[in-house]
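Have a look at the structure below, then the notes.
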Amino acid sequence: MHNVVLIPGDGIGPEITESVKRVLHASGAKINWIECEAGEGTFKRTGNPIPDETIQAIEKYRVALKGPLTTPVGAGFRSINVALRQQFDLYSNIRPAKSLPNIDSPFREVNIVLFRENTQGLYIGKEHWVDDEKKHAESIAVVTRDASEKIIRAAFEYAKKYNRKKLTLVHKANILKLTTGLFLEIGKEIATDYPEVEFEDLIVDNMAMQMVLKPSQFDVIVTTNLFGDILSDLASGLVGGLGVTGAANIGDDAAMFEAVHGSAPDIAGQGLANPTALLFSALMMLDYLGESRISEKIRAAVYTVLQDYKTECTKDIGGEGTTESYTNAICRILED
Ligand code: NAI
Ligand code: MG
């Protein structure tokens with residue numbers, strides 16, 4: 001039995017976490033869910049978006065599955081997602097984007113795994129007004145050798161372990177010469193330890209264009225926090241959208257699994273949310289827990305539903321069904 005902290009989150013979070021719980025149960029995975037709360041809903045009720053009990057539960061159990069959390073735009077409390085990643089030093093944000101069967105997309109052979117530095121860059125939250133009239137704002141980006149080495153090494157280790165051919169480091173070292181320049185320099189150093197993995201570097205704007213033009217040329221990608229955030233949504237768009245891409249936040253002694261997408265307030269509570277993204281995050285969690293046999297079984301069930309029962313899938317991927325009908329279909333296959 002594995003103990004896992006479950007944070008349903010905001011917006012579509014409760015709907016998709018319920019779906020994932022049902023699928024994992026149907027698969028026979030032995031999970032003891034420790035339900036905790038966080039997010040905007042929690043903030044509105046208690047004045048604190050991340051209660052101490054939630055932090056303590058993650059400290060104790062070290063593995064969490066998290067629904068999306070709404071973060072106010074502009075003013076308001078700081079992103080809890082970012083805070084949790086920093087607090088537990090979950091330095092690797094791993095975001096795979098892989099073509100799926102029977103999903104409408106101009107691309108059929110996408111198989112990208114993006115490693116995003118998860119604790120620093122422009123996301124450290126150090127912004128200030130320069131003047132009293134609030135006409136001039138500044139933001140600080142932090143890049144350290146230690147954190148860069150950890151994420152770049154994690155990406156190379158992954159490439160080596162899974163026999164991936166190429167690693168592309170994405171930067172903007174022509175303009176941000178010190179911060180992303182350092183990241184690039186460290187990448188070039190570490191690449192010499194992995195002669196079996198082809199190494200290249202690309203400037204982020206060109207990378208965005210290349211990914212849209214011919215995504216099959218990319219394999220493993222490693223980049224800084226902001227670029228990774230943007231390019232991982234882009235990669236999701238190549239394989240069917242944010243409804244189908246899972247992610248992991250992994251540190252040396254804790255891990256938190258969540259979808260790439262946010263709380264999708266535009267579709268919350270309507271049964272329209274695609275649970276696949278959070279489910280694929282849960283499959284990464286099962287792999288992390290040493291339960292790859294079960295994660296493969298669930299992935300196969302999802303592929304069968306996409307292939308043979310498309311009408312029961314959610315509308316974002318061309319189905320005619322709801323979160324529930326899609327979940328039912330996956331559970332039915334697993335229980336057969
Ligand atoms: P979003 O990812 O929530 O939604 C973008 C678009 O994708 C929307 O049209 C939405 O309906 C669609 N979408 C997302 N997930 C879907 C799913 N599972 N099934 C079907 N369609 C789906 O991004 P948005 O609207 O920019 O952000 C909403 C809120 O989420 C914000 O407060 C933001 O801060 C937060 N957020 C939280 C994240 C997290 O908890 N890790 C990550 C990204 C955003
Ligand atoms: Mg994002």
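The values are calculated or read from the model by the stated rules, or taken from the named source; none is laboratory data. Keep in mind it's a predicted model, so treat the numbers as computed, not measured. Here the Cβ positions follow ideal geometry from the backbone for every residue, glycine too, while neighbour counts run over all protein chains shown. With ligands, DNA and RNA removed, areas are computed over all heavy atoms of the protein, side chains included. Shrake-Rupley method; radii C 1.70, N 1.55, O 1.52, S 1.80 Å.
With q set to 0.23, 0.25 Å⁻¹, the log10 of I(q)/I(0) for segment 1-48, from the Debye formula over equal scatterers at the Cα positions, is -0.84, -0.92.
Can you pull the percent of Cα pairs in segment 94-208 with separation above 23 Å? Everything past 23 Å amounts to 41 percent.
Peptides 161-167, 13-19 ranked from most to least packed by the mean count of surrounding Cβ atoms within 10 Å: 13-19, 161-167.
With +1 on the Cβ of every Lys and Arg and -1 on the Cβ of every Asp and Glu, and nothing else charged, how large is the dipole of the chain about its Cα centre, in debye rounded to the nearest 20? Mind showing how you got there, number by number?
Details: 35 positive and 46 negative charges, 97 e Å.
Its charge dipole is roughly 460 debye.
Here the label points at Lys30 and His128, each 7 Å from Cα along the C-beta direction, are separated by 5.4 nm in the simple model. Both numbers refer to the Cα atoms of segment 224-336; Rg and Dmax are 14.5, 44 Å.
Tell me the Kirkwood hydrodynamic radius of segment 246-308 in angstroms, computed as one over the mean inverse distance between distinct C-alpha pairs.
On the way: mean 1/r = 0.0776 Å⁻¹.
After inverting the pairwise mean of 1/r, the radius is 12.9 Å.
Computed from the C-beta positions of Asn48 and Lys135 and an R0 of 22 Å, the FRET efficiency is 0.10 to the nearest 0.05. Considering only Glu296, Glu320, Glu138, the mean-square fluctuation computed in a Gaussian network model of the chain, springs between alpha carbons under 10 angstrom, is largest for Glu138. Under the criterion of Cα pairs below 8 Å and six or more residues apart, the relative contact order for the chain equals 22 percent. For the residue pairs Lys165/Lys315; Lys21/Lys310; Lys60/Lys126; Lys126/Lys165; Lys126/Lys166; Lys44/Lys310, the C-alpha atoms sit more than 27 angstrom apart in Lys165/Lys315; Lys60/Lys126; Lys126/Lys165; Lys126/Lys166; Lys44/Lys310.
In segment 1-145 the Cα-Cα distances spread across 5 Å bins starting at 0 as 2, 8, 13, 16, 17, 17, 12, 8, 5, 2, 1, 0 percent of all pairs.
Remark: C-alpha extents of segment 165-287 on the principal axes read 49, 34, 27 Å, sorted largest to smallest.
Computed from label points 7 Å out along Cα-Cβ, the spacing between Leu213 and His2 is 4.1 nm.
Over the residues of the chain, the helix contribution to mean residue ellipticity at 222 nm works out to -13000 deg cm²/dmol, using -39500 (n - 2.57) for each DSSP H run of at least 4. Set Lys and Arg Cβ to +1 and Asp and Glu Cβ to -1, take the dipole of the chain about its Cα centre, and tell me which of Leu238, Ser19, Pro8 lies farthest positive. Ranked along the dipole, the leading option is Leu238.
When the solvent-accessible area of the chain is split by element, carbon and sulfur atoms take up 52 percent of it, the probe being 1.4 Å.
Taking label points 7 Å from Cα along the Cα-to-Cβ direction, Asp104 and Thr144 give a separation of 4.8 nm.
Residues Met256, Met1 ordered from highest to lowest accessible area at a 1.4 Å probe: Met1, Met256. Residue ranges 58-64, 169-175 sort as 169-175, 58-64 when ordered by packing (mean number of other C-beta atoms within 10 Å per residue, highest first). The stretch between Glu324 and Lys160, if pulled fully straight at 0.36 nm per residue, gains 55.2 nm over its current Cα-Cα span.
When the inverse distances between all different Cα atoms of the chain are averaged and flipped, the Kirkwood radius reads 20.5 angstrom.
Could you work out Rg/(2.2 N^0.38 Å) for segment 213-260, with Rg from alpha carbons only? Intermediate values should be presented prior to the final figure.
Values: Rg = 12.0 Å, N = 48, 2.2 N^0.38 = 9.6 Å.
Here the Cα radius of gyration is 1.25 times the empirical estimate.
Rolling a 1.4 angstrom probe over the protein heavy atoms with all chains in place gives the chain an accessible area of 45 Å² per residue. The average projected area of segment 103-169, computed from the convex hull of its Cα atoms over all directions, is 8.0 nm².
Within 10 Å, count the other beta carbons around each residue, average over each peptide in 122-133, 220-231, and list them highest first. Don't jump to the answer; show the numbers that get you there.
Working: 122-133: 11.8, 220-231: 24.0.
Sorting 122-133, 220-231 by mean packing, highest first, produces 220-231, 122-133.
Where Rh is the Kirkwood radius over the Cα pairs of segment 71-111, the temperature 10 °C and the viscosity 1.306 mPa s, what D in µm²/s does Stokes-Einstein return? Rounded to a whole number, D works out at 117 µm²/s.
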